[in-house]
1. Has region 65-85 got at least one residue that is within 22 Å of the chain's Cα centre (by Cα), within 12 Å of the ligand (Cβ to nearest atom) and of a type in the set (Asp, Glu)?
2. Restricting attention to region 239-267, which residues are more than 29 Å from residue 224 (Cβ to Cβ) and within 14 Å of the ligand (Cβ to nearest atom)?
3. Just name the residue that is nearest to the ligand (Cβ to nearest atom) out of those in region 291-341 that are modelled with pLDDT of 95 or more and among the charged types (D, E, K, R).
4. Return only the number of the condition from (1) within 18 Å of residue 47 (Cα to Cα); (2) within 10 Å of the ligand (Cβ to nearest atom) that residue 214 does not satisfy.
5. Scan region 142-165 for residues that are more than 15 Å from residue 460 (Cβ to Cβ) and in contact with a Gly (Cβ under 8 Å, 6 or more places away or on another chain) and jot them down.
6. Every residue in region 1-31 that is assigned to a loop (DSSP other than H, G, I, E, B) and more than 7 Å from the ligand (Cβ to nearest atom), please.
7. What's the total number of residues in region 318-344 that are under 22 Å from residue 186 (Cβ atoms) and among the charged types (D, E, K, R)?
8. Determine, yes or no, whether residue 469 is among the aliphatic types (A, V, I, L, M), modelled with pLDDT under 95 and surrounded by 19 or more Cβ atoms within 10 Å (Cβ to Cβ).
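The values are calculated or read from the model by the stated rules, or taken from the named source; none is laboratory data. Remember, predicted model here, so these are calculated numbers, not experimental data. Glycine gets a Cβ as well: all are built from the backbone with ideal geometry, and neighbour counts include every protein chain shown.
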Amino acid sequence: MSNSNQFDAIVIGSGIGGLTVAALLSKLNQKKVLILEQHYVVGGYTHEFARKNKFNWDVGLHYVGEMGKGDLGRKIFDYLSDGNLKWNKMPEPFEQFVYPDFSFGQSCDPTQFKADLIEKFPQEKRGIENYFSDIDILAKTQVIPVVLRTAIAFFYPRLRNINRLTIKEYLDRHFQAPQLKALLASIWGTYGLPPAQGSFTIHATIASHFLKGGYYPVGGALEIAKNILPLIEKNGGKALTQKQVTEIIIEDGIAKGVKVQKAHKPDAAIEEYYAPIVISDAGAFNTYTKLIPADNDLVANYREEIKRFPKGNSALTLFLGLKESPAKLGFKGENHWIYSAYDHDRAFQKQSAAPDKAIDYCYMSFASLKDTTQTAHTAQILLFVDYEFFSKWQEQNWRHREEEYYRLKEAIAQNILNFVESRYPGFKDLVEYYELSTPLTFAYFDASDRGAIYGIPCVPERVGKNGSVLKLPLKIFI
Ligand SMILES: Cc1cc2nc3c(=O)[nH]c(=O)nc-3n(C[C@H](O)[C@H](O)[C@H](O)COP(=O)(O)OP(=O)(O)OC[C@H]3O[C@@H](n4cnc5c(N)ncnc54)[C@H](O)[C@@H]3O)c2cc1C
């Protein structure tokens with residue numbers, strides 16, 4: 001065994017989960033950590049890509065909550081980056097929910113947000129107040145020990161009745177106005193499931209996370225990996241790219257290392273790296289069904305459970321390079337959630353199955369307005385789609401797929417642009433460059449199962465009887 005292949009710990013995948021654990025092992029325990037990443041850049045969904053030497057886009061990060069001074073999230077990032085990662089606060093309001101007959105801006109002050117909702121829906125005051133305390137308590141119960149969670153459930157019996165509901169079930173029980181129900185569920189894209197399918201507990205954790213507004217990293221999402229990697233390198237660790245882990249080597253029930261091959265090159269030579277600690281950030285599905293050898297009985301139950309579990313949704317992203325600042329049309333850097341009706345479930349079903357037909361909703365964000373260090377203006381538009389719609393091209397290589405795939409992409413891109421133009425006249429004139437990514441893009445670059453952008457879906461079955469969303473282990477430590 002070569003010394004250069006021996007480490008104190010190996011982390012599979014360089015997403016924020018992998019970077020975080022690697023940095024903690026390095027900073028807290030002085031471990032020499034090897035990160036193995038199948039993509040040719042580090043960062044997972046926090047990486048960026050560029051076109052035309054001037055447009056840069058994040059592939060997966062639009063905003064993060066709890067990054068104000070003193071917030072827990074900020075303290076964690078300060079620790080992980082030795083205080084070098086800086087954050088810009090998004091404008092007020094930071095969310096704009098756009099419906100055909102009304103538009104609502106969510107304030108980054110939770111008291112104001114609540115007051116605005118009550119002002120618009122005074123007859124629903126009681127339900128709105130309960131909603132705020134419910135999301136607060138559900139979010140808090142995710143980060144406390146089981147004993148405390150049980151105690152809270154005793155003193156707050158409402159919890160037992162709501163923690164395994166879908167969002168729709170919760171909203172239907174507590175509200176009358178269709179506008180209000182739609183409004184409160186407007187951020188369903190942040191967890192990828194519309195109200196009739198998504199877990200209210202998971203909605204609560206994310207809605208609560210963003211109550212004090214959104215933040216964006218100064219310099220863009222790639223700054224995250226750039227500022228965390230030095231901590232890992234300080235103790236002799238490193239991140240290697242284009243290294244796809246094909247198997248976790250397990251002997252006598254204990255992980256000893258990993259087998260690695262150049263990504264997307266099935267004939268490439270196999271290398272081996274060794275460490276007494278192996279941690280997977282490659283997602284639960286990949287880890288249990290692909291990386292742990294099939295004859296390993298230790299995780300047989302999890303493997304079967306994950307295989308049986310519903311599949312997560314994939315998405316389309318339209319990356320736009322703009323000729324001029326979108327501020328010209330009044331955008332300030334807030335998110336825009338544009339909906340053509342109140343029924344999110346119907347829009348999701350319709351659009352997922354036929355994205356080449358009319359567009360019914362989308363999420364839009366402007367990185368260049370959130371971060372003034374960007375050299376050119378950009379925008380991103382995201383919507384959800386069924387992987388099956390694109391699966392017939394899955395065996396063809398990136399950038400070498402048949403013409404029909406590119407024709408379809410072009411038609412979808414035009415539909416999306418027309419949809420946004422119908423809400424914001426003049427938008428299309430701003431566009432200099434566009435490129436659409438599909439579920440195949442997510443599957444190829446992130447190695448995610450069927451391009452499921454959030455991994456295992458956020459359905460109520462994810463929530464255990466005790467209210468914890470960690471029923472399925474999302475990362476394993478062997
Ligand atoms: C389009 C989109 C928009 C999003 N917007 C936001 C947002 O605005 N705010 C927010 O907070 N979150 C957002 N998210 C979610 C957030 O980006 C993710 O939750 C987070 O980045 C996931 O980090 P991770 O480390 O768990 O996984 P990933 O970032 O998925 O990292 C996993 C890494 O493992 C690698 N890998 C997989 N298999 C192997 C293997 N066998 N060998 C080696 N490497 C492997 C992958 O290439 C990848 O780099 C968004 C996600 C997407 C896709």
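1. So far as region 65-85 goes, yes, one or more of its residues are within 22 Å of the chain's Cα centre (by Cα), within 12 Å of the ligand (Cβ to nearest atom) and of a type in the set (Asp, Glu).
2. Within region 239-267, 249, 266 qualify.
3. Across region 291-341, the extreme among qualifying residues is 334.
4. Going through the list (1) within 18 Å of residue 47 (Cα to Cα); (2) within 10 Å of the ligand (Cβ to nearest atom), residue 214 breaks only (1).
5. If the condition is that a residue be more than 15 Å from residue 460 (Cβ to Cβ) and in contact with a Gly (Cβ under 8 Å, 6 or more places away or on another chain), then 149, 153 are the ones that fit.
6. Within region 1-31, 1, 2, 7, 8, 30, 31 qualify.
7. 3
8. yes
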